[in-house]
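None of the figures in this text is laboratory data; all of them are computed from the coordinates on show. In this text, all values refer to a predicted model and were calculated from it rather than measured experimentally.
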């Protein structure tokens, strides 16, 4: 049995989807994140499942890769990384509140929320984004499929226009590495 045809099909679909990404929105996200760094604002990332891993990866890349040894440092926090807090909120309040309740402790006007949801409809993401916007937060939404509610709520949309969660998640990681690569060249 050969998997060559399926491998080729996946990679061709990935390549075609990359061509559809909105470069203007990517640039807006880079400018927004750099501005947050330069003004001392915090950046909060969040996601569920694979998107949680992406949110954590963002924090690691920006806090170490783009901050170590530099005068200007990113303040990036992945809200899904504090497992005891997440689980206590899920157990004692609701799973839909795990991110918004953390933002209520920390978010200041001008802080940035990087919200990652393939469907764009995860209730815990939507609750957090809605509250953050009411309090003056800036939202960068990473979505797929139609973009869902998150697309409509986001100030900046890093949207992957395909109904395929694996490719959506692949390209959400590309957004992280692409933005890191662009900002890495600026030694500040």
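Per-residue ellipticity at 222 nm, computed for the chain from helices alone with -39500 (n - 2.57) per DSSP H run of at least four residues, works out to -16500 deg cm²/dmol. Over the range 4-184, calculate the relative contact order: mean separation of alpha carbon pairs under 8 Å at least 6 apart, over the residue count, as a percent. Over the range 4-184, the number comes to 23 percent. Between the alpha-carbon centers of the range 82-144 and the range 1-30, tell me the distance in whole angstrom. Centre-to-centre distance over Cα atoms comes out at 28 Å. Here the Debye sum runs over all C-alpha atoms of the range 4-184 as equal scatterers in vacuum, and log10 of I(q)/I(0) at q = 0.12, 0.16 Å⁻¹ comes out as -0.53, -0.92.
All Cα-Cα separations within the range 18-76 were binned at 10 Å from zero, giving a P(r) of 22, 45, 31, 3, each value a whole percent of the pairs.
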